[in-house]
1. Given Cβ point charges of +1 (Lys, Arg) and -1 (Asp, Glu) and nothing else, what value in debye, to the nearest 20, does the dipole of the range 1-158 about its Cα centre take?
2. Which aspartates and glutamates, on any chain, are close to residue 93 with Cα under 15 Å apart, when same-chain ones fewer than 8 places away are left out?
3. Find which of 81, 52, 165 sits farthest along the positive direction of the dipole of the chain, computed with +1 on the beta-carbon of Lys and Arg, -1 on that of Asp and Glu, about the Cα centre.
4. Once you charge only the Cβ atoms, +1 for Lys and Arg and -1 for Asp and Glu, what is the size of the charge dipole of the range 158-273 about its Cα centre, to the nearest 20 debye?
5. For the range 83-190, what % of the accessible area comes from carbon and sulfur atoms, probe 1.4 Å?
6. Bin width 10 Å, origin at 0, all Cα-Cα pairs of the chain: what percent of pairs per bin?
7. Label residue 30 and residue 42 with points 7 Å out from Cα along Cα→Cβ: what is the distance between them in nm?
8. Treating the beta-carbon of each Lys and Arg as +1 and of each Asp and Glu as -1, no other charges, what is the dipole magnitude of the chain about its Cα centre, to the nearest 20 debye?
Amino acid sequence: MKKNYYLFSVDVEDPRDYIPNGYQYREAVTENILRYLSWLSSKDYKATFFVVGRTAGALPDIVKEIYRQGHEIAAHSYYHVPITKQTPDEFKKDLEKNIEALIKCGISNVVGYRAPTFSLVESVKWAYKELSGSGIQYSSSVLPAANPLFGWKDFGKEKYIDGVYEIPLNIGAFPFQVPVGGGVYFRCLPIQVIRSYFRKAASLGATIPGYFHSYDIDTKQEKNFMMPNMPNKFLNSIMLMNRSKVFKKLDKVMEMGFEIIRYDEYFKLKTTI
């Protein structure tokens, strides 16, 4: 019987690094990553954590704990700058610094990568050669639809590009094509809509990549905290919505028979068939 995979993953980054006077607020990454780890342990699943190098340098103990518990540690850039704002040389140096920071935490083999804000778009597909040259074997960096931020509309499905296997987000068929399996969309959409999307994906044999952050479950965040790149308080309020409901929604999804596995394990399954 074919298994239905949900590639639940967490992007480990500290939003305080990207706002003015960010360190006046409490450090919340450690506490919330431990909550994700507890949830995964309760289900006996192993997942992938895409870690920003700067965060690994500041909080090495939580990176080591993720790894100790048997989860995969993958790269997520060093400074969390979109690829579109970098030259190939800048991107290469940032990636190498990211991998170096993870190695300092005791991570021996970094084979996965996720671009900041899914900023791997067609205009910067040169990035795949740089990824391959640095030992990266797979990426989950593409939003295969038109999007106000970043999107590669005609990307299509999983495939190799310049020696790197790209696992794009799975897009729901809504009035606007959005990645329902993670982040703000998972938090804000009704569970009935999410379950319908997962049910359809299962019927098609499609894998659903998921992405979350420490702040997606941070119910203690200060009320005056403005998330990075939020132009107004209304959009910022959306970023705060339904954080207390994430684990309940995840439980509802897992009741549907999906299995969580690490990205590197999924990559091996797909490329050895």
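The values are calculated or read from the model by the stated rules, or taken from the named source; none is laboratory data. Given the structure is predicted, the values throughout are model-derived calculations rather than measurements. Backbone-built Cβ (ideal geometry, glycine too); neighbour counts: all protein chains shown. The accessibility values were calculated without ligands, DNA or RNA, using every heavy atom of the protein model including side chains. Shrake-Rupley method; radii C 1.70, N 1.55, O 1.52, S 1.80 Å.
1. 360 debye
2. Of all the aspartates and glutamates, those that pass the test against residue 93 - Cα under 15 Å, at least 8 places apart if same chain - are 130.
3. It is 165.
4. 500 debye
5. On the way: 2630 of 4910 Å².
Looking at the range 83-190 in its full context, I get 54 percent from C and S.
6. 7, 31, 39, 22, 2, 0
7. For the pair residue 30/residue 42, the computed spacing is 2.3 nm.
8. Around 840 debye, computed over the chain.
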